[in-house]
Amino acid sequence: MKIVTAEFVKSALGPQDCPRDRRPEFAFAGRSNVGKSSLLNRLLRRKGLAKTSKTPGKTRTLNFFSVNGRFYFVDLPGYGYARVPKRLKDTWGSMITTYLTAREPLQMVAHLIDSRHPPTPNDHELLALLEEARVPTLLVATKFDKLKSSQRKPAIDAIRADLELDDDALVIPFSSVTGQGVKELWDVVEGCLQG
């Protein structure tokens, strides 16, 4: 897809703050520091558009990015080990759950999993939530460039086995450094927009 414009539109703390123009939305979810913001920057070819940090928990709101004035990418707060107060973590949980299960313009969730580690209990919970809410989900194995060639297929196989995925379930290996997986991810987004 040709990116003509990509811009940050707004941060939302809940449904009341989300855009009301009903454009299609594609959300990016995963544990803290899995690479959501880096993936968005690579997809949109805009360095620093989505704020990245080595410190887990940088993203604390639903961040909406307008793409070509046609649809939104939504950067969700990470779950897991972010060093934030428990009250804030609980708020994130309810905010994300409400967004994922009740947001009408939501077309698909890209569920990011660090390819170097097995899926966490939180990854399993998110997948179960999305399945129960019948939200189309795409699995993306991030930080793929950090694996040796000999580790790559076993890493994808391990994610498939751990999450008990069907053989035909798509898992896209992705690297924000090399660009691996960018085309495949855009193909899925474009397919959703056309369908």
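None of the figures in this text is laboratory data; all of them are computed from the coordinates on show. No experiment lies behind these values; they were computed from the predicted model shown. Here the Cβ is made from the backbone with ideal geometry for all residues, glycine too, and neighbour counts use every protein chain on show.
A few notes on this one:
- Bridge type composition, the chain - antiparallel percent by DSSP, nearest 5: 35 percent
- GNM flexibility winner over the chain from Glu184, Glu25, Glu164 (Cα, springs under 10 Å): Glu164
- Computed from backbone phi, the HN-Hα couplings of region 181-195 come to x, 4, 4, 4, 5, 4, 4, 5, 4, 4, x, 5, 5, 7, x Hz, rounded to whole numbers (Karplus: 6.51 cos²θ - 1.76 cosθ + 1.60, θ = phi - 60°; Gly and Pro given as x).
- The charge dipole of the chain, taken about the Cα centre with unit charges on the Cβ atoms of Lys, Arg (+1) and Asp, Glu (-1), comes to about 1180 debye, rounded to the nearest 20.
- MRE, 222 nm, helices only [DSSP H, n ≥ 4, -39500 (n - 2.57), over the chain, to nearest 500]: -10500 deg cm²/dmol
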